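The values are calculated or read from the model by the stated rules, or taken from the named source; none is laboratory data. On a predicted model such as this, the values are computed, not experimentally measured, just so you know. When we count neighbours, we look across all protein chains shown, and the Cβ atoms used for this are built from the backbone with ideal geometry, even at glycine. We work out accessible area using only protein heavy atoms, side chains counted, and drop any ligands, DNA or RNA first. Shrake-Rupley method; radii C 1.70, N 1.55, O 1.52, S 1.80 Å.
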Amino acid sequence: MEPPVPPRTEELSELYRELSQHPGLSAACLGPDLTTQYGGKYCSLYTEWSQRDLARAENIKFCRQYLLFHDGASIIYSGPVGTCSEIKGELLSRESPSGTLKAVLCKVPGKEKEKEKEKQFLEVWDQNRKVKSIDLTALDKHGNVCDDDQFGCLAWSHSETHLLYVAEKKRPKTESFFQSKAPELGTSDEDTGQPKKEDAPVKGEQFVYHEDWGETLSTRSVPVLCILDIEGSSISVLEGIPEHLSPGQAFWSPEDTGVVFVGWWHEPFRLGLRYCTNRRSALFYVDLTGGKCELLSEDTKAVWSPRLSPDSCRIVYLENDVLGPHQQCSRLRMYDWYTKQTSTVLEAVPQQEWGAFPGIYCGALPGMCWAADSRRILLDTAQRSQQDMFVVDTATGSTTLLTADGPRGSWSVLTIDRDLLVARFSTPSCPSMLKVAVLPAAGHEAQTQWICLQDAPPVPGISWGILTLQPPPEQEHPQYGGLDFDAILLRPTEGPTAQKPPLVVMPHGGPHSVFTAGWALYPAALCRVGFAVLLVNYRGSLGFGQDSVASLPGNVGTQDVRDVQLCVERVLQEEALDASRVALVGGSHGGFLACHLIGQFPDTYRACVVRNPVVNIASMVATTDIPDWCLTETGLPYAPDALPDPAQWTEMLHKSPIRYVDRVRVPVLLMLGEDDRRVPPKQGLEYYRALKARGVPTRVLWYPGNGHALAGVEAEADGFMNMALWLLKHLEC
């Protein structure tokens, strides 16, 4: 006899299936301008989207194209061309500067009968056909090409004769000390008959440990810069890169004389790099003729996202201090190629002021961010609980908000080319929309007129707003006073609970991250189920100034916890919500806060769901890919060669949620990724065992093949279903 299906399961799965089908807009590329027979100008717009396919249990990518007719000052007509088509096997792609060629890195499954491994090909297409197809795996010059956004790149030379990319360094073959076999045909030296030196396997090296760059970058260890000569179909691995550096984010220098790249220090050992914009790195130039490597920026900072201006005279890039919080308010720096001078365009902003530029809080600059005048750049950044787009004059440092007259929500720059601007927009109740505009002349940017090229109808049944809260005087930071914070509240407008819904509280992870007022599947789906959802941007969040970021290290477990609790108590007082049915949902540091809150304020909450939570900083420090996080957020100094002393171990434990486990009474659901390198799953298991030993109802969901984000389509879908059912059961909805 089959177990009974829990009530509402079918309804929940149908709701999730419906909402998960909304695609996300991920990339855009503008083709070259063409002229009609009547003298008008038009160009193509190529866009890439991603969508969850629950039947195939994978994220699929598809493309859609549009035509833009414009006169250089405004868009006259725009519309889609044809239907969507799925993109299969494509890892990277890049159009050439002229727009007449396209390079594509793709993966091809090996032949099953011959037990071949998956292969990587680099292809070149013109406007009519594929003109080159190079089997990178067969050439065996390097390991797999880096297709991530941390190291990866695919860059055309200005002459369009060469391609630059980053790959893993080729490792020598290894074999056992006891391996005995004849050399393979074609691999022996003509004179000695012995295997060629470069092909000879190294004995005893099979099980040597190779460091990697941590969460989501476990296959990245020693990246190298590679150049493909398209005409000759030959590949060369660049020499001259210092051995203590891992290169990435590379592009061709003016006149193709060399390569500019970001180099990350990996001595004395590698730390996790994903979401960590505080790792020591610098901008370098390597000359192709002499192989000399030259430092272009300071070598005591963290830099990333270098972007060359259209006139090839200037490079802008982002800069942070080394160590400290993993995400900070960044500086915008500019290097002049011909004068060799570096200037600061924008400094970090101490405190965000209404109506003023909030500072830069972004993982990367857009790949194409320069205006046609080679003076202005475009970027998007968190501005409190919204994400907005700004134009920055690199000569004066002045900034202009491009979305002042647009709707509130989350705006992102996808690309700008010849002053044609392509952007993504969404809100908590509306999935991704495609917007286009022509960037006005300098001084008139506030007059930008947006056209919606691909609309997304709002999801019914959701209303939302942004709340601002001020901590009471006794909770003010002694050094950084006057800081406030926000929360985004989603409410159901339909259904039986709409008048007085139960509340799900969601603090974000990081802790130096932020919820912006954009589309997010879980909050929207929970709201459609009938819950009000409170997304809390406590002090320490991005978008509120560097002082807010700096206020949290040393105060985790107190300041952030009190901010969330204050927010919960305030909305329960001021909004029509059911105060007897309040639950917590959080991942990573959000899980850290959820576990703190159910221990410090056990009477407020009825249920808890956490994803890969930090529960014991002291036990995490030796197993995570970011041990510096454990000390920094505890308020302790970090040094690679220093071991915590007993007092520091005590302080880490003192700030951890495990300290309050004896006071926890509410049922806790833990969702753990087996491959999580950031917050290893033993953290969640430690909490699970502590709760079980105290008789607290608890359950663990264990997701193989998933890391910290539990981003696999199957894990994400299963996680939502179990979370929703857990909340419905324990809030008695």
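A count restricted to region 100-149 and to residues that are open to solvent by 90 Å² or more (accessible area, probe 1.4 Å), within 19 Å of Gly248 (Cα to Cα) and assigned to a strand (DSSP E or B) stands at 0.
The one condition from (1) closer than 30 Å to His730 by Cα; (2) hydrophobic (A, V, I, L, M, F, W, C); (3) in contact with a Gly (Cβ under 7 Å, 6 or more places away or on another chain) that Val668 does not meet is (3). Going by the conditions given, is Ser44 small (Gly, Ala, Ser) and either open to solvent by 70 Å² or more (accessible area, probe 1.4 Å) or farther than 19 Å from Lys102 by Cα (or both)? Against the criterion (small (Gly, Ala, Ser) and either open to solvent by 70 Å² or more (accessible area, probe 1.4 Å) or farther than 19 Å from Lys102 by Cα (or both)), Ser44 does not qualify.
Considering only region 196-231, state which residues are open to solvent by 40 Å² or more (accessible area, probe 1.4 Å) and under 30 Å from Thr277 (Cβ atoms). If the condition is that a residue be open to solvent by 40 Å² or more (accessible area, probe 1.4 Å) and under 30 Å from Thr277 (Cβ atoms), then Tyr209, His210, Glu211, Thr216, Ser218, Thr219, Val222 are the ones that fit.
Being among the charged types (D, E, K, R), out of contact with any Phe, Trp or Tyr (no Cβ under 9 Å at 6 or more places or on another chain) and either surrounded by 15 or more Cβ atoms within 10 Å (Cβ to Cβ) or within 24 Å of Asp603 (Cα to Cα) (or both) holds for only one residue in Arg678, Arg699, Arg659, and it is Arg659. Would you pick out the residues in region 307-360 that are open to solvent by less than 20 Å² (accessible area, probe 1.4 Å) and of a type in the set (Ser, Thr, Tyr)? Matches in region 307-360: Ser309, Tyr317, Ser330, Tyr335. Of the strands (runs of 3 or more DSSP E) lying entirely inside region 324-414, those containing at least 2 residues that are assigned by the TED database to the domain that holds Leu283 are 331-336, 342-346. Here Glu239 meets the list (1) within 29 Å of the chain's Cα centre (by Cα); (2) assigned to a loop (DSSP other than H, G, I, E, B); (3) in contact (Cβ under 8 Å) with a residue 40 or more places away in the chain almost entirely, failing just condition (1). Scan region 109-166 residue by residue and report those that are of a type in the set (S, T, N, Q) and more than 27 Å from the chain's Cα centre (by Cα). Within region 109-166, Gln127, Asn128, Ser133, Thr137, Ser157, Ser159, Thr161 meet the criteria.
One residue stands out in region 26-51 among those that are in contact with a Pro (Cβ under 9 Å, 6 or more places away or on another chain) and not small (Gly, Ala, Ser): the one that is farthest from Glu95 (Cα to Cα), namely Gln51.
Is there a residue being among the basic types (Lys, Arg), open to solvent by 20 Å² or more (accessible area, probe 1.4 Å), out of contact with any Leu (no Cβ under 6 Å at 6 or more places or on another chain) and outside the structural domain of Ser297 (by the TED database) anywhere in region 431-443? Scanning region 431-443, I find at least one residue that is among the basic types (Lys, Arg), open to solvent by 20 Å² or more (accessible area, probe 1.4 Å), out of contact with any Leu (no Cβ under 6 Å at 6 or more places or on another chain) and outside the structural domain of Ser297 (by the TED database), so the answer is yes. Within region 292-306, one or more residues are in contact with a strand residue (DSSP E or B) (Cβ under 9 Å, 6 or more places away or on another chain), surrounded by 21 or more Cβ atoms within 10 Å (Cβ to Cβ) and under 16 Å from Trp156 (Cα atoms).
Criterion applied to Ser513, Ser551 was being open to solvent by 10 Å² or more (accessible area, probe 1.4 Å), within 20 Å of Leu631 (Cα to Cα), of a type in the set (Ser, Thr, Tyr) and assigned by the TED database to the domain that holds Asp578, and the one residue passing it is Ser513.
Restricting attention to region 286-323 and to residues that are part of a loop (DSSP other than H, G, I, E, B) and of a type in the set (A, V, I, L, M), the residue that is farthest from the chain's Cα centre (by Cα) turns out to be Leu288.
Quick check on Gln479: is it more than 26 Å from Leu12 (Cβ to Cβ), open to solvent by 40 Å² or more (accessible area, probe 1.4 Å) and either in contact with a Leu (Cβ under 6 Å, 6 or more places away or on another chain) or not charged (D, E, K, R) (or both)? Yes; evaluated as a whole, the condition is true for this residue. When Pro268 is tested against (1) exposed (fewer than 14 other Cβ atoms within 10 Å of the Cβ); (2) part of a strand (DSSP E or B), exactly one condition is not met: (2).
Scanning region 697-733 for residues that are of a type in the set (A, V, I, L, M) and either in contact with a Pro (Cβ under 7 Å, 6 or more places away or on another chain) or assigned to a helix (DSSP H, G or I) (or both) returns Val713, Ala715, Ala717, Met721, Met723, Ala724, Leu725, Leu727, Leu728, Leu731. Scanning region 243-287 for residues that are aliphatic (A, V, I, L, M) and in contact with a Cys (Cβ under 9 Å, 6 or more places away or on another chain) gives Leu245, Ala250, Val286.
Before we move on, is Ser74 surrounded by 14 or more Cβ atoms within 10 Å (Cβ to Cβ), under 30 Å from Ile451 (Cα atoms) and out of contact with any helix residue (DSSP H, G or I) (no Cβ under 6 Å at 6 or more places or on another chain)? So Ser74 fails the test.
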